[in-house]
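Here is the structure we will look at.
The values are calculated or read from the model by the stated rules, or taken from the named source; none is laboratory data. The shown structure was predicted, so the numbers you read here are calculated from the model rather than taken from an experiment. Every residue, glycine among them, receives a Cβ derived from its backbone with ideal geometry; neighbour counts consider all protein chains shown.
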Amino acid sequence: MNYRFESDTLGKVQVPEKALYGAQTVRAKENFPIGDEKMPADLISAYGYIKKAAAIVNNNLGLLSDYKKQLIIKAADGLISGELIEEFPLPVWQTGSGTQTNMNVNEVISNKAAIIAGNRPGEKYPLHPNDDVNMSQSSNDTFPTAMAISTMQRMENCLLPILNNFEKELLKKAKEFQGITKVGRTHLMDATPITCGQEFATFAAQINEGRKVLINIMENVRKIPIGGTAVGTGLNTKKGFAELMVEELSSLTGMKFYVRKEKGVNIAAHDNLVAVSGSLKTIATSLMKIANDIRWMASGPRAGLAEIMIPANEPGSSIMPGKINPTQAEALYQVCVHVMGNDLAISFAGSSGNFQLNVCKPVIIYNLLQSIKLLADGIDSFTKRCLSGITVNKEQLASNVKNSLMLVTALNPVLGYDKAAEIAKLAQAKNISLKKAALNLEYLTADEFDELVKPIKMANPH
């Protein structure tokens, strides 16, 4: 490999000749040889928007020439599109402010601009990475702003539409199964009847509530600290810079952002993102419950509950021919486990602010973006490859309802709890039906029993 030499404030550094990154990125690569996790592409794209917006605003404020503005815009577009993603080799495990990644961005834009201008990379001409690309900015306000932009983009473009579609598919199943009665279960034991439609409608309600909470919490993420520079005071910015940046970023991204008045809130802490992660964890708990219920209902096909049939997507065993497993439910369950683990990491990281700076920004955004993507992918796969193909085993459900001892609950208002319990105990002891037990005890006639014990009516107030 051929190399060039670049200089930073610590001296000369050997840089791969064709690389667009520079001296500080090379130093970071050498100083943080930790793990395989790279900075998320979404974060780098968000940084492209920030540098582009800053160039436009600094130009409007008379701080940056038209020529330099256009060079930054052209180079930043390569970050936004993902074209230059290979120029960002740094790991998540770096300084807690994300300074190395901010400088990686500044160097790439500077060197890309040099090539566009017909110069050689590394000369810091016509754009200086600090003086021009980083003008009116600090790692401390740009990195959390990039965190907010990347979170909003992944949420609005990915997770929220998929959650909405998942809820619709659950409601579709609820309507499809609305008249089919089954045995309810509490403590994993037989309970009074419920319809399959009610069961799936309950699933949909859980997702609906979780989605609404998430949307509300995301409003705080729209308040960004750009313009706060090092400690939130706005040092080295011109009056109005923050307001113009928010306006420009909203225009460039197509998403609404607001000025964070107390900019130090999102520099010293990231309570807003901790709250988002907590909301994702809540959604994950709902998904785990749904996935587990689907697994139980599909268990069998002959020695389990066998209440529903799930799609046969692939062979379920390397040794047992014909076995079909609830693989989509299991994959979704594992996604939820990981999201819960990420939330714990984000919670610890969110509490790691000392005075004017949180020093765990990279691990917060890495885990948060991963959680959003995992949930989106997991839910989408489960919806397409399991939920949409679920059918009910009407014969099994009818048999279970017919044999359920808890139908006796319908007799409470007429006979009272004690006599109803006596009927249930006799039916269980003699292995006979509830109706026969009631007749044997002479508490009801056959017609009276049939009139009182109607499972479909028991699934609603009456």
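Listed values, structure above:
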| read-out | value |
| --- | --- |
| Cross-chain or 6+ apart pairs with Cβ under 6 Å, segment 57-76 first and among the basic types (Lys, Arg), then assigned to a helix (DSSP H, G or I) | Lys68/Asp132; Lys69/Ala55; Lys69/Asn59; Lys74/Ile116 |
| Some residue of segment 87-102 being of a type outside the set (D, E, K, R), in contact with a Lys or Arg (Cβ under 6 Å, 6 or more places away or on another chain), surrounded by 14 or more Cβ atoms within 10 Å (Cβ to Cβ) and assigned to a helix (DSSP H, G or I) | no |
| Criterion (of a type in the set (Phe, Trp, Tyr) and surrounded by fewer than 16 Cβ atoms within 10 Å (Cβ to Cβ)) met by exactly one of Phe355, Phe382 | Phe355 |
| Glu107 vs. criteria surrounded by 22 or more Cβ atoms within 10 Å (Cβ to Cβ) and at pLDDT below 95 | no |
| Residue ranges of helices (runs of 4 or more DSSP H) in segment 254-356 with at least 3 members within 30 Å of Met189 (Cα to Cα) and at pLDDT 95 or above | 271-298, 327-350 |
| Failed condition for Val335, given (1) among the aliphatic types (A, V, I, L, M); (2) under 30 Å from Gln396 (Cβ atoms); (3) in contact with a Gly (Cβ under 6 Å, 6 or more places away or on another chain); (4) touching a residue at least 60 places away in the same chain (Cβ under 8 Å) | (4) |
| Residue check for Val259: without any contact (Cβ under 8 Å) to a residue 40 or more places away in the chain, closer than 30 Å to Gly62 by Cβ and either among the hydrophobic types (A, V, I, L, M, F, W, C) or surrounded by fewer than 23 Cβ atoms within 10 Å (Cβ to Cβ) (or both) | yes |
| Condition met for Gln206 (touching a strand residue (DSSP E or B) at 6+ places or on another chain (Cβ under 8 Å) and either surrounded by fewer than 18 Cβ atoms within 10 Å (Cβ to Cβ) or closer than 30 Å to Ser277 by Cα (or both)) | no |
| In segment 199-239, the residues that are among the hydroxyl-bearing types (Ser, Thr, Tyr) and touching a residue at least 60 places away in the same chain (Cβ under 8 Å) | Thr229, Thr237 |
| Residue in segment 225-240 that is within 30 Å of Ser81 (Cα to Cα), among the aliphatic types (A, V, I, L, M) and surrounded by fewer than 19 Cβ atoms within 10 Å (Cβ to Cβ) present | yes |
| Candidates Leu344, Leu407, Leu426, filtered to the one that is crowded, with 17+ Cβ neighbours inside 10 Å and either more than 30 Å from Ala174 (Cβ to Cβ) or of a type outside the set (D, E, K, R) (or both) | Leu407 |
| Residue tally, condition without any contact (Cβ under 8 Å) to a residue 24 or more places away in the chain and hydroxyl-bearing (Ser, Thr, Tyr), over segment 377-401 | 1 |
| Criterion (over 22 Å from Leu357 (Cβ atoms), acidic (Asp, Glu) and surrounded by 14 or more Cβ atoms within 10 Å (Cβ to Cβ)) met by exactly one of Asp42, Asp66, Asp36 | Asp42 |
| Test: Phe177 is more than 20 Å from Pro455 (Cβ to Cβ) and among the aromatic types (Phe, Trp, Tyr) | no |
| Subset of segment 358-368 [in contact with a Gly (Cβ under 6 Å, 6 or more places away or on another chain) and buried (at least 23 other Cβ atoms within 10 Å of the Cβ)] | Lys361, Pro362 |
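Let's see how each residue does on (1) assigned to a helix (DSSP H, G or I); (2) touching a Leu at 6+ places or on another chain (Cβ under 9 Å):
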site: Leu369; (1), (2): yes, yes
site: Ala376; (1), (2): yes, yes
site: Asp380; (1), (2): yes, no
site: Glu395; (1), (2): yes, no
site: Lys402; (1), (2): yes, no
site: Leu407; (1), (2): yes, yes
site: Leu411; (1), (2): yes, yes
site: Tyr443; (1), (2): no, yes
site: His462; (1), (2): no, no
